[in-house]
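Where a number appears in this text, it was derived from the coordinates with a stated rule and is not lab data. Keep in mind it's a predicted model, so treat the numbers as computed, not measured. Here the Cβ positions follow ideal geometry from the backbone for every residue, glycine too, while neighbour counts run over all protein chains shown.
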Amino acid sequence: MAASFRSFAKNLGLSQSGTISASAVAKSLNFPFLGPARRLSLWMESTEPGLNGEVNGSNYILSSSCDPVTPITGLEIDISVTKDIVCENVFGPSPDYLGCGFQLNANSVANPSVGFQQYVIIFYAGSPYGPQLFSGVNNWQTAGNQVINSFSSLCDSMPPTIPAGYNFSIYPQSDSQGNIISAKFFANDNLGNQIGSSEIDVLGSAPVAPIIDFELDFVGPINGESAVLSSGAGFFTYLSGTLLTPSREDPSCAAIPGTTTLESANTFYGALPATPANILNQSFSVLPVEVVIPNLKRKAKPRPALTMPTNFGK
């Protein structure tokens, strides 16, 4: 293990109880920091007594307009892997389930039935579920009650790492009012061959609602777990029929503003312009952090963990 938090903080001119910006951490590690709104997700670890390890994972929020309320429609998320993704460890309720996940975490337009919506691709690197990809939908009511928790196998013949060249897609499907009624998921290997596809219905299983914002997070697999990655990089491509504006905050008409995903990983997200666009490209990478800083996390309430249904992986 590298230096303690105390010595690391001292080198950065901080007190032990101080906070630190993402740019300062990136600078200290000789890691390029490309924008003031860039999100940092760190594995928090320390050998100092009384300093508990913790994690944080959050990306930019991409939102539509509240004036007038304009639901996000025609959304297509593509994830391109340019460097092998290697999951080294997982901490949390299910530490034996090694893996990581890509989460499309969306806020509904203010709605009493569906508060936030999650559309995910989960990679498990080993037993009991892997190596395998799963797709899933896990939506919650504003009051905190789960309204749908549905998963399916996306590819049951994955290698134990995600090789460079692989590509994944999440395409929410909306009706004429903008309500998300299902989600399509796709996986392609490094030769361009489709190795999996699935569609999970929402309309027939739960209340539906349009979304007003979302963020794409590369984090631990499920159940509030924190993934430690030793390798990985790539690009997110966002395509939308509605203009998307990158921001640090949810818009005023979001159902549950000021929340963030409970799952985490040592991932780093590239800068985005703060101007509306229908197409956006963003880099992601793994940040090699061995020393950690308490309190380096978005000031937001955690959403409920992405939960594992009883028939998951069966």
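Here are some notes:
- Surface/4 of the Cα convex hull for the stretch 56-282, nm²: 11.2
- The stretch 244-270 versus the stretch 68-136: alpha-carbon centroid distance in Å: 14
- The stretch 184-211 and the stretch 227-243: distance between their alpha carbon centers, rounded to Å: 16
- Environment charge at Cys253 (Cβ cut-off 10 Å; Lys +1, Arg +1, Asp -1, Glu -1): -3
- Net charge of Cβ neighbours under 14 Å - reference Ala164; Lys, Arg +1; Asp, Glu -1: -1
- Here the relative contact order of the stretch 56-282, from alpha carbon pairs under 8 Å that lie six or more residues apart, stands at 32 percent.
- Ordering 260-272, 169-181 by mean Cβ neighbour count within 10 Å, with the highest value first, yields 260-272, 169-181.
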